[in-house]
Amino acid sequence: KGTSQTMQRDPEYINLISEVMITLKRSIETAEACGVDPQKIIIDPGIGFGKTVEHNLELIRNIRKIKVLHKPVMVGCSRKNFIGKILGIDNPRERLMGSATAAVIAIINGADIVRVHDVREMAQVVRFVDAAYPAFYKS
């Protein structure tokens with residue numbers, strides 16, 4: 001949705017999940033047509049890029065729908081602005097708990113990979129979710 005300078009100006013979608021999936025499917029097709037090994041493709045729904053707080057939450061809740069593209073899904077919520085807006089925290093470095101919560105929700109909803117800043121802390125979060133939901137979120 002626009003350029004890096006304009007994408008956050010009132011982004012609108014008719015059907016967010018469908019539109020993101022169409023874009024991801026086209027990107028997968030382009031990559032494979034250019035010779036990228038299909039087994040090496042990971043998709044990222046673009047949390048925070050041209051999306052409102054509500055859009056980001058909808059994406060996190062619906063990762064399982066994106067998995068029909070049969071590629072690992074990576075979600076990068078760590079320290080994002082939408083977390084700051086929800087929690088009222090301006091400084092990105094102070095968003096650890098919001099980032100951890102977003103990671104847990106993303107994993108439980110099907111994320112295969114979470115991109116993080118606070119690796120040690122988030123590794124603990126992921127290990128705990130793995131222990132609590134050993135098979136639930138993998139399907």
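The values are calculated or read from the model by the stated rules, or taken from the named source; none is laboratory data. Just so we're clear, the structure is a prediction, and the values are computed from it rather than from any experiment. Ligands, DNA and RNA are stripped out before the accessible areas are found, and what is left, the full protein with its side chains, is counted by its heavy atoms. Shrake-Rupley method; radii C 1.70, N 1.55, O 1.52, S 1.80 Å.
With q set to 0.12 Å⁻¹, the log10 of I(q)/I(0) for the chain, from the Debye formula over equal scatterers at the Cα positions, is -0.50.
With a 1.4 Å probe rolled over the protein heavy atoms of all chains, the accessible area of Arg93, Arg127, Arg79 falls in the order Arg93, Arg127, Arg79, largest first. Distance distribution P(r), the stretch 83-139, all Cα-Cα pairs, bin width 10 angstrom from 0: 23, 51, 22, 4 percent.
In this view, the solvent-accessible surface of His70, computed with a 1.4 Å probe and all protein chains in place, comes to about 150 Å². Of Leu87, Leu69, the residue with the largest accessible area leads and the full order is Leu87, Leu69 (1.4 Å probe).
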